[in-house]
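Read-outs: derived from the displayed coordinates by stated rules, not from any lab. In this text the structure is predicted, and so the values were computed from the model without any measurement. Cβ atoms come from the backbone with ideal geometry, glycine included; neighbour counts cover every protein chain shown.
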Amino acid sequence: MRSRSLAALAVITPLLCHAQLGPNGATASWKGALPPKPTAALSAEHEDALTKRLNVASEAFKTVANHKRAADVEILLKAVRYAIEFDEWYDKKAEDGVKKANALLDEANKRIEALKKGETPWLEGSGFKLLGFYSSIDGSAQPYGVEIPEGVDQMLKKQAVPMWIWLHGRGDTTTDMHFVYSRLMAKKPGQFQPAGTIVIHPFGRYCNGWKSAGETDVFECRDDAVRQLNVDENRIALAGFSMGGAGAWHMGAHFADQWACVHTGAGFVDVKRYQKLTPDKMPVWYEQKLWGVYDVPDYARNFLNVPLVCYSGENDSQRDSAEYMTEVLAKIGLKPPHLIGPGMGHKYHPEVIKEVQAKIEQHVTQGRNVWPKTVHLQTRTLAYARMHWLAITRMEKQWEEARADAEWDDTKHEVRITTQNVAGLSMMLPAGVTKVMVNGKEEPGLVIKGEQPLWNWIAETSTSSTSVSKKPGLQGPIDDAFKSKFVLVLPDQPADGSKADEWARAEAAHFRQRWRSLMRGDLKALPADKLTDREAEDAHLIVWGTPKTNSFLQKLMTTMAIKKVLTWDDQLVKIGTHEAPAATSVPVFIQPNPMNPAKYVVINSGLTFREAHDRTNSLQNPKLPDWAILDIIVPPNAEASGKVVAADFFGEFWEVTKR
């Protein structure tokens with residue numbers, strides 16, 4: 001980030017660096033809420049004037065809303081709209097906030113006029129650029145910055161150039177408007193200036209540690225830049241510092257095959273160690289299991305697939321995370337360079353950063369190998385189960401470590417794979433492969449389509465002819481539904497006076513506002529009777545209410561798939577052997593949609609991490625597994641939407657399991 005971002009994070013005082021987390025486990029920048037309360041709130045007159053300008057510009061935008069670069073305009077309008085609605089004024093003087101907002105509206109008007117003529121002057125030439133894309137998750141316009149060094153704009157006309165993706169650090173006050181303004185008015189290059197290279201700066205949904213929708217946005221931002229510019233897709237580096245370093249650790253480990261090099265500058269890698277959790281402070285068992293979604297040590301072997309360059313300040317408390325990963329990686333024979341900035345706290349050393357850049361540039365120049373002879377894949381969830389030409393498609397047991405190590409022998413025309421906790425595999429291989437060995441045994445399943453060998457294998461002990469299995473992209477937990485396109489399906493019947501219905505309507509409204517304030521997007525929501533077949537086919541459905549107040553939920557309750565896991569009537573809520581009174585309880589869960597098993601249906605849940613977890617990105621992780629029964633006599637709060645009576649993961653075929 002800029003304003004209070006990369007540049008600002010690079011000069012945090014050593015005193016602050018030694019207190020990255022306070023006694024309550026909060027990051028040093030935590031101000032009690034995301035977004036924080038305003039520093040210099042605007043007067044009613046100022047807000048009225050900005051609102052009028054915003055409304056006029058928004059009306060004018062409608063004339064160019066179908067242009068392929070319309071997002072480059074809407075990011076400006078959205079930034080001002082959210083700043084007004086959430087009171088995001090963090091400058092010393094209110095006048096400075098007004099100045100920023102007016103600057104964005106001025107630029108929006110210029111771009112609207114240019115688009116009317118079919119022109120996009122902000123894309124031309126070298127320098128600093130502000131672009132946008134539309135999210136596939138919620139359709140929102142999301143911004144990112146671009147740096148094109150002098151002369152590279154001419155190179156782009158002749159050849160593909162490398163690109164770095166720079167993940168910014170945490171900035172609690174760097175909401176849309178402040179990020180967009182800093183990128184629009186940028187005068188100085190970012191932390192690194194690699195020669196002949198484009199650098200892009202994703203917004204990443206503000207402040208979520210590059211997880212959830214922030215993770216998805218990195219790829220959509222990358223893809224937009226690749227489409228717009230002449231980028232060599234095999235020479236893309238991922239790098240970041242502080243929260244961005246944590247993002248580089250996470251996205252580097254989970255998507256190692258996507259990068260020519262990964263650079264981690266500071267940044268946490270796990271929950272337990274970073275939060276210094278002792279046995280008396282450990283959360284419930286399933287939340288500990290869910291650390292396996294993001295905890296980097298659980299994916300360490302994946303770094304065998306990509307060059308890794310680490311950096312820490314000598315006196316930075318976050319150095320511990322890199323030292324921890326050094327120990328973990330050493331156990332698998334990997335010793336990536338870990339450069340130390342002498343005397344530094346939470347920032348780069350001016351000389352050591354040159355060494356870091358040189359190492360990254362060396363790897364980027366070489367580029368990633370799209371068809372490596374060996375592939376290593378380690379995961380705890382099918383959400384992250386692909387690496388190069390190899391994918392795990394089924395696990396013997398979810399949330400336990402799974403491995404697949406593959407070697408392609410082109411002299412024998414065979415692939416040899418060793419596995420752990422794997423019940424299904426899939427591969428796309430180079431031409432010429434005629435045999436696949438799994439744990440020393442030849443397995444059939446190789447199909448030649450044209451010149452492309454394809455191979456799929458499912459263990460005999462992991463089959464079912466009657467049920468949908470957990471598979472990549474359809475494996476849970478609840479929060480997994482919010483990383484790709486989803487729609488809220490709201491009650492379409494009058495309120496029935498029950499506590500469950502009252503709770504569901506309030507929680508649906510809370511989730512919509514929560515998504516807007518943290519994930520910076522407006523969710524599509526419609527009453528159940530307005531749900532179209534196309535939307536049901538195209539998106540995950542997040543269904544709110546009770547069988548009496550939501551007609552779609554009532555329909556779901558008649559399907560065999562839902563009947564197998566849930567009983568919900570006037571007296572009882574029951575999942576498996578777990579029962580609770582319907583008068584004071586609600587079920588929440590995720591399942592394949594019985595009417596479209598390629599998509600999820602979620603009942604009565606939004607993001608399961610809540611406002612209290614925003615105090616540090618290390619806690620913005622899933623808090624509930626695949627299902628739970630909530631006691632709603634205990635009112636929702638910043639920690640949870642209700643008291644958990646029972647909760648667990650569904651089995652491999654989405655069945656209720658005995659524990």
In region 54-150, which trypsin sites (Lys or Arg not before Pro) are in a loop and have at most 11 other Cβ atoms within 10 Å, using DSSP for the loop call?
68, 92, 93, 117
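Just to verify a number: FRET efficiency for residue 449 and residue 513, C-beta to C-beta distance, R0 = 41 Å, to 0.05?
FRET efficiency, residue 449 to residue 513: 0.25.
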Full extension between residue 315 and residue 657 adds, at 0.36 nm per residue less the Cα distance, a length in nm of 118.3 nm
Roughly how many whole Å is it from the C-alpha centroid of region 82-156 to that of region 368-447?
43 Å
So, with points 7 Å from each Cα along the Cβ direction, the residue 495-residue 420 label distance in nm works out to 5.4 nm
Could you tell me how far the Cα centroid of region 456-519 sits from the Cα centroid of region 250-276, in Å?
27 Å
So, with points 7 Å from each Cα along the Cβ direction, the residue 434-residue 284 label distance in nm works out to 5.6 nm
Mean Cβ neighbour count within 10 Å, used as a protection proxy, ranking 277-286, 540-549 highest first
540-549, 277-286
Cβ charges +1 (Lys, Arg) and -1 (Asp, Glu), total dipole of the chain, debye
500 debye
Sort out the exposed loop GluC sites (Glu not before Pro) in the chain (DSSP loop, at most 14 other Cβ within 10 Å) and tell me the longest stretch that has none.
461-638
Region 478-648: proportion of alpha-carbon pairs further apart than 20 angstrom, %
48 percent
Dipole of the chain [Lys/Arg +1, Asp/Glu -1 at C-beta], most positive-end residue of 404, 624, 357:
357
Tell me, what is the percent relative contact order of the chain, built from C-alpha pairs under 8 Å that lie six or more residues apart?
12 percent
Cross-link table 441/470; 470/574; 483/623; 499/658; 485/623; 52/116, entries beyond 27 Å C-alpha to C-alpha
499/658
Put a dot 7 Å past each Cα toward the Cβ at residue 272 and residue 124; how far apart are the dots in nm?
5.8 nm
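For residue 63 and residue 373 in one chain, what is 0.36 nm times their gap in residues minus the Cα-Cα distance, to one decimal in nm? Don't skip to the answer; put the middle values down first.
Values: separation 310, 0.36 × 310 = 111.60 nm, distance 5.21 nm.
Net length gain for the segment: 106.4 nm.
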Tell me which DSSP H helices of the chain clear both cut-offs, 15 Å or more of axial length from alpha-carbon atoms and a mean Kyte-Doolittle hydropathy of at least 0.5.
71-86
Per residue, how big is the convex hull around the C-alpha atoms of the chain? Give it to me in cubic angstrom, could you?
173 Å³
Roughly speaking, what is the stretch gain from residue 323 to residue 441, that is 0.36 nm per residue apart minus the C-alpha to C-alpha distance, in nm to one decimal?
38.6 nm
Can you give the net charge of the other residues whose Cβ lies under 13 Å from the Cβ of residue 220, counting K and R as +1 and D and E as -1?
0
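Please identify the trypsin sites (Lys or Arg not before Pro) of region 286-385 that satisfy two criteria: DSSP loop assignment and at most 10 other Cβ atoms within 10 Å. Which are they? Write out the running numbers ahead of the final one.
Values: sites: 289, 301, 319, 331, 347, 354, 359, 368, 373, 380; in loops: 331, 347, 368, 373, 380.
Here the sparse-neighbourhood loop sites are 331.
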Might you report the magnitude of the Cβ-based charge dipole of region 219-317 about its Cα centre, with Lys and Arg at +1 and Asp and Glu at -1, to the nearest 20 debye?
240 debye
Relative packing of 196-204, 467-475, which averages over residues the other C-beta atoms within 10 Å, highest first:
196-204, 467-475
At a Förster distance of 51 Å, what's the computed FRET efficiency of residue 579 paired with residue 157, Cβ-Cβ distance as r, to 0.05?
0.15
Calculated FRET efficiency for the pair residue 400/residue 535, C-beta based, R₀ 35 Å, to 0.05
0.45
